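The values are calculated or read from the model by the stated rules, or taken from the named source; none is laboratory data. Note that the structure is a prediction, hence the values are computed from the model and not measured. Cβ coordinates were reconstructed from backbone atoms using ideal geometry, including for glycine residues, and neighbour counts include every protein chain displayed. The area values use the complete protein model at the heavy-atom level, side chains included, leaving out ligands, DNA and RNA. Shrake-Rupley method; radii C 1.70, N 1.55, O 1.52, S 1.80 Å.
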Amino acid sequence: MTNEAKPITDKMKGRDWLMTQDWSDDEIELALETADQLKKEFRSGIPTLHLAHKTAFLIFFDKSTRTRNSFEAGMTQLGGHAHFIDSETSQIAHGESPKDMGTILSGYGHGIAIRHDLVPGEGQTYMRDVARWADVPVINMQCDVDHPCQNLADLMTIREEFGKDLRDLKIAVSWAYAPSYVKPMSVPQGLIMLMTRFGMNVTLAHPPEYTLMDEPMKLARENAERSGGQFEVVDNMEDAFADADIVYPKSWGVESLFSNPEQAMKVAQQYKHWICDEAMMARAKKEAIYMHCLPADRGCEVTDAVIDGPQSRVYPEADNRLHTAKALMALTM
Ligand code: CP
C-alpha cells in the first residue's frame with residue numbers, strides 16, 4: 001500500500017456548504033466518496049495533508065462535542081489548524097457584524113465554519129450574511145434550518161449499512177421527549193430534506209405542536225417527488241416505526257417557544273411517552289438500525305437497551321462526523 005494520500009479534486013474549491021440543498025446530487029456523491037477515502041486513509045495511518053498550513057475559523061454560538069472536535073481534529077489531520085471562536089468571548093457579543101466577521105477572518109485564513117442554531121430565523125441568515133462578505137468558503141456547522149454536516153455523516157452511515165441504492169428504504173424521523181434543553185429543529189429538517197433526495201420513504205412523526213419550518217417541508221415534498229420516494233407526516237411514533245429500516249427518534253423544540261424554555265418544557269412534558277424503547281423498536285424491521293445525532297437524553301428519548309443495543313449505530317454515526325467534516329473542508333478550502 002502506498003503511504004501517500006490520493007489528491008482531492010479542485011471542483012468544489014471556494015464553495016460554501018450552507019444547506020445540503022445547495023449542492024447537487026453529484027456534488028453530495030463527491031463529498032461522500034471523499035469522506036470514504038479520508039476514512040480509509042485515516043484508518044490506515046496514511047497522512048492526508050491536503051490543507052497544509054491553512055487555517056479554519058470555527059465560530060460557535062452554542063455548545064458542541066462532536067462538531068467542534070471533528071472540525072478541530074480534522075483540520076489538524078489535514079495539515080492545517082482550526083481556531084475556536086466563542087461568540088460570547090469575541091466581539092460578536094458586543095455586536096460585531098457578520099460583515100466584519102466574514103471580511104476580517106477571510107483575510108486571516110482559508111475557511112469559516114459557523115454554528116448558530118438556537119434562534120429560529122437567525123442562524124441561516126447570519127451565515128449567508130457572513131458568506132456574502134467572505135471570500136473564503138463558509139461551512140454550516142448547524143443553524144436553525146439545517147445541520148448539513150450531521151446529515152452528511154448520517155447519509156454516509158446509512159450507505160455503509162445498506163449500500164448506495166437507498167430507493168424504497170423507509171426512514172422514520174420522529175420527535176422524542178427530552179428534558180435537558182430545547183433542542184434545535186435543524187436535524188429533523190435536514191434529514192427530511194436530504195433523505196428524500198435518494199428515493200427513500202421518509203416518514204416524519206411529531207405531536208401537533210412540533211411542526212417543522214415551511215421551507216424544509218416544501219423541499220422535502222419536492223425532493224421526494226423528483227426522486228420517486230415518498231414523504232409523509234404522521235402524528236405518532238408507532239406508525240412511523242412500522243416496518244422501518246432506519247429509525248431516527250430525537251427531540252426538537254416548538255418553533256415559537258425557543259425564547260421561552262420554561263413554557264417549551266411544559267409542552268414537552270405532555271409527551272413523555274414518545275420514547276424509543278425495545279417495544280417501539282420491535283415495530284420496525286428486525287434488521288432496522290437506530291440512529292441519533294447525539295447527545296441523546298437517555299431514559300427519555302431512548303432507553304439504554306436500545307441505544308446500547310445491537311441495532312444502534314450511534315457511534316459509527318458520530319465517528320463519520322470526523323470523515324465528513326474533513327471531506328467538506330478538504331474539498332472547499
Ligand atoms: N450531533 C452534534 O452536532 O453534536 P454536537 O452538538 O456535540 O456538536
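Please indicate, with yes or no, whether at least one residue in the range 137-144 is hydrophobic (A, V, I, L, M, F, W, C), away from the ligand (no atom under 16 Å from the Cβ) and not assigned by TED's automatic domain parsing to the domain that holds residue 183.
Quick first cut of the range 137-144, residues hydrophobic (A, V, I, L, M, F, W, C) only: 138-139, 141, 143.
Narrowing the set further to residues that are away from the ligand (no atom under 16 Å from the Cβ) leaves 138.
This time we only want the ones that are not assigned by TED's automatic domain parsing to the domain that holds residue 183, so: 138.
Yes - at least one qualifying residue is present in the range 137-144.
Taking the criterion of being in contact (Cβ under 8 Å) with a residue 12 or more places away in the chain, in contact with a Pro (Cβ under 9 Å, 6 or more places away or on another chain), crowded, with 21+ Cβ neighbours inside 10 Å and at positive phi, would at least one residue in the range 119-142 satisfy it?
yes
Based on what the data block shows, is residue 154 touching a Leu at 6+ places or on another chain (Cβ under 8 Å), acidic (Asp, Glu) and within 14 Å of the ligand (Cβ to nearest atom)? Outline the logic, then answer.
Values: touching a Leu at 6+ places or on another chain (Cβ under 8 Å): yes; acidic (Asp, Glu): yes; within 14 Å of the ligand (Cβ to nearest atom): yes.
Taking the combined requirement at face value, the residue satisfies it.
Filtering the range 143-174 down to residues that are closer than 30 Å to residue 86 by Cβ and either β-branched (Val, Ile, Thr) or without any contact (Cβ under 8 Å) to a residue 24 or more places away in the chain (or both), which residue is surrounded by the fewest Cβ atoms within 10 Å (Cβ to Cβ)?
Restricting attention to the range 143-174, the residues satisfying the condition of being closer than 30 Å to residue 86 by Cβ are 143-157.
Still in the list and also either β-branched (Val, Ile, Thr) or without any contact (Cβ under 8 Å) to a residue 24 or more places away in the chain (or both): 145, 157.
Numbers: 145: 28, 157: 23.
In this case the residue turns out to be 157.
Do you know which of the residues in the range 3-18 that are under 24 Å from residue 193 (Cα atoms) and in contact with a helix residue (DSSP H, G or I) (Cβ under 6 Å, 6 or more places away or on another chain) is most open to solvent (accessible area, probe 1.4 Å)?
Restricting to residues being under 24 Å from residue 193 (Cα atoms) and in contact with a helix residue (DSSP H, G or I) (Cβ under 6 Å, 6 or more places away or on another chain), the top hit is 15.
Of everything in the range 286-325, what is within 18 Å of residue 171 (Cβ to Cβ), touching a strand residue (DSSP E or B) at 6+ places or on another chain (Cβ under 8 Å) and in a loop (DSSP other than H, G, I, E, B)? Give them in sequence order.
Across the range 286-325, the qualifying residues are 288, 291, 292, 293, 296, 301, 311, 313.
When you scan the range 27-36, how many residues do you find that are touching a residue at least 60 places away in the same chain (Cβ under 8 Å) and either among the hydrophobic types (A, V, I, L, M, F, W, C) or surrounded by fewer than 21 Cβ atoms within 10 Å (Cβ to Cβ) (or both)?
To start, the set of residues in the range 27-36 that are touching a residue at least 60 places away in the same chain (Cβ under 8 Å) comprises 28, 30-32, 34-36.
Now drop any that are not either among the hydrophobic types (A, V, I, L, M, F, W, C) or surrounded by fewer than 21 Cβ atoms within 10 Å (Cβ to Cβ) (or both), which leaves 28, 30-32, 35-36.
Total satisfying the criteria: 6.
Assuming residue 42 fulfils every condition listed in (1) away from the ligand (no atom under 16 Å from the Cβ); (2) open to solvent by less than 20 Å² (accessible area, probe 1.4 Å); (3) under 15 Å from residue 324 (Cβ atoms) apart from one, which condition is it?
(2)
Is it the case that the range 209-222 has a residue that's open to solvent by 10 Å² or more (accessible area, probe 1.4 Å), of a type in the set (Ser, Thr, Tyr) and either at pLDDT 95 or above or away from the ligand (no atom under 16 Å from the Cβ) (or both)?
Yes.
Which residue, of 154, 146, 129, 100, is among the charged types (D, E, K, R), at pLDDT 95 or above and touching an Asp or Glu at 6+ places or on another chain (Cβ under 7 Å)?
The conditions single out 154.
Of the residues 102, 163, only one is more than 18 Å from the chain's Cα centre (by Cα) and more than 23 Å from residue 321 (Cα to Cα); which? Walk me through how you get there before you give the answer.
Numbers: 163 fails: more than 23 Å from residue 321 (Cα to Cα).
Answer to the check: 102.
Looking at the range 63-79, which of its residues are out of contact with any helix residue (DSSP H, G or I) (no Cβ under 8 Å at 6 or more places or on another chain) and more than 15 Å from the ligand (Cβ to nearest atom)?
Passing the criteria: 76, 79.
Taking the range 240-267, which residues are surrounded by fewer than 16 Cβ atoms within 10 Å (Cβ to Cβ) and more than 26 Å from residue 118 (Cβ to Cβ)?
242, 243 - these are the residues of the range 240-267 that are surrounded by fewer than 16 Cβ atoms within 10 Å (Cβ to Cβ) and more than 26 Å from residue 118 (Cβ to Cβ).
Matching residues to (1) under 30 Å from residue 216 (Cβ atoms); (2) away from the ligand (no atom under 16 Å from the Cβ); (3) outside the structural domain of residue 181 (by TED's automatic domain parsing):
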| residue | (1), (2), (3) |
| --- | --- |
| 3 | no, yes, yes |
| 15 | yes, yes, yes |
| 57 | yes, yes, yes |
| 87 | yes, no, yes |
| 98 | yes, yes, yes |
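Return the total of residues in the range 53-89 being surrounded by fewer than 15 Cβ atoms within 10 Å (Cβ to Cβ) and β-branched (Val, Ile, Thr).
The number of residues fulfilling the criteria is 3.
Does residue 177 satisfy the condition of being in the same structural domain as residue 292 (by TED's automatic domain parsing) and either crowded, with 23+ Cβ neighbours inside 10 Å or touching a residue at least 24 places away in the same chain (Cβ under 8 Å) (or both)?
yes
Do you know which residues across the range 285-306 are surrounded by 15 or more Cβ atoms within 10 Å (Cβ to Cβ), more than 13 Å from the ligand (Cβ to nearest atom) and farther than 17 Å from residue 177 by Cβ?
Listed by number, the residues that qualify are 285, 288, 289.
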